[in-house]
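Quick notes on the structure that follows.
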Amino acid sequence: MRDILIVGAGQAGLQLSLSLKAAGYRVTLMAAKTPGEIRDGWPTSTQAMFDPALETERAYGLNHYDLVAPPIRGLHVMLAAPPGNLALQFTAPLGKPAFSTDQRIKFSRWLTDAEQAGVEVIYQPVSPAYLEALTKQYDLTVVAAGRGDLVELFERDPERSPYEQPQRGLAVAYVHGLAPDPSWPEPHVEFHAIPGLGELFVIPTLTRTGPADILFWEVLPGGPLDVFGEDEDHLQTSLNLIKENLPWFHERCADVRLADDKATLQGRFTPTVRKPIAHLTGGGKALGIGDIVIANDPITGQGANTAAKAAHHYLRAIVEHGDKPFDEEWMTATFESFWQAHGRAVTLWTNGMLQPLPPHAQQILGAASANPAVAARFAHGFEDPNDLLSWFADPAAADAYLRSL
């Protein structure tokens, strides 16, 4: 039986730990926080997981919240131009519902599951020096910690990382009391775009205080919407921006309140793809997974989805490798095959969405407002971003697709 160390207890690290244990491996998981600390702490992200990623969880019985979280039926896209006026909108149903579960309750439950399944869970932060010592004790070390000192061990890949600074300021509030969308009362993700200024996403979710909604601003750094500060009333700042820029949505916010006393998050980071192997000073090597190697902006809602697909991909690669050594050649091949299968499409699409939409993409959104088939295919791209590369991302392909309708 092979011994595998996983450092980091987020989507990728926890899912890989639990699935490897189920496959018969000895697994040690290093987690910086206990289940209680995660559950009672601050949120670290937003999330909306689509069916293909959810299937990788269901395969190992990790879908604890499918029957209680609001089923996300699709997307409602709205374009403000200029701010304060609704210029374009369309609804885009999903073939199968997506779900969002506050990762504070999801990951705390998964950590408990891991302990009960026999994963050796060690609650301790890992420094680069400690990681060096740990790698000598295991057949394979996988780093899934997307924040902290370990990130610097993975070299930035300049060919896959076009940005050198944050492209959005991020501000999140989990709230109760939002009135349903009268045009589509079923739970769905709302995408309010304010060209040149930013975006507001509204995501139905489940928190420890029950069903809720996430108000998630992505604002251009230094722009008029970039007004969130640590000393400000986060929710009131968000509602003020909504009132000024999205008055049709503000009408539904009269009873909005925070879901709990730690229900906000703000920050910014530079979208970055890193090379998959950390070469440690003593000669050890570690393989990266999740945000530590592919950290995309959350504008396309793909972070948790990509991490789940990566955990599934790495699991299969480990099992198929049998008793052979997990050498650098295998590590590189495992990441590159995931990049080609999933990571590349997500990264290209996400980086493109951070820029002003080109004319062909604007034409597609215009067509989606009049043609349900176009809207449905756009929604499908969130389930499988590879499909977007075949029509949404290429002007010639987009033109051919629109002509074929």
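Bear in mind that the values in this text are calculations on the coordinates, not laboratory data. What you see is a predicted model, and the numbers here were worked out from it, not measured in a lab. FYI the Cβ positions are ideal-geometry reconstructions off the backbone, even for glycines, and counts take in every protein chain you see.
For the reader, a short list of remarks on this structure follows.
- Under 5 Å from the amide H of Y123 lie the amide H atoms of A31, each residue being 5 or more positions distant or on a separate chain, with H modelled from the backbone and absent for Pro and chain starts.
- Across region 47-201, Cα pairs under 8 Å and at least six residues apart give a relative contact order of 33 percent.
- Here K243 is the anchor, and the aspartates and glutamates within straight C-alpha reach of less than 18 Å, apart from those fewer than 8 places off in the same chain, are D181, E190, E199, D213, E218, D226, E232, D233, E251, D255.
- The H on the amide N of R168, modeled in the peptide plane, is under 5 Å from the matching H of F269, each at least 5 residues off or on a different chain.
- Each Cα pair under 8 Å and six or more residues apart adds its sequence gap; the mean of these over the residue count of region 359-404 is a relative contact order of 41 percent.
- Within straight-line cross-link reach of K106, lysines at Cα separation under 24 Å, skipping those fewer than 8 residues along the same chain: K21, K33, K96, K262, K309
- The chain: relative contact order in percent, alpha carbon pairs under 8 Å with at least 6 residues between: 22 percent
- Shape category assigned to region 164-216 from the gyration tensor of Cα positions, a/c cut at 1.5: oblate
- 3J(HN,Hα) couplings calculated from phi for region 18-29 with the Karplus curve 6.51 cos²θ - 1.76 cosθ + 1.60 (θ = phi - 60°) are, in sequence order, 5, 6, 5, 4, 5, 8, x, 8, 7, 10, 10, 10 Hz; Gly and Pro show x.
- Going from the residue with the fewest nearby Cβ atoms within 10 Å to the one with the most, M1, M49, M78 rank M1, M78, M49.
- Region 359-404 shape via C-alpha gyration tensor axes, a/c threshold 1.5: oblate
- For region 386-391, the Karplus equation 6.51 cos²θ - 1.76 cosθ + 1.60, evaluated at θ = phi - 60°, returns couplings of 4, 5, 5, 5, 8, 8 Hz by residue, with Gly and Pro reported as x.
- More than 14 Å apart - percent of Cα-Cα pairs taken over region 34-86: 73 percent
- Cβ-based net charge around L86, under 15 Å, with every Lys or Arg adding one and every Asp or Glu removing one: -3
- For the chain, a crude dipole built from +1 on the beta carbon of Lys and Arg and -1 on the beta carbon of Asp and Glu, taken about the Cα centre, is about 520 debye to the nearest 20.
- For the chain, the convex hull drawn through the C-alpha positions has a volume of 138 cubic angstrom per residue.
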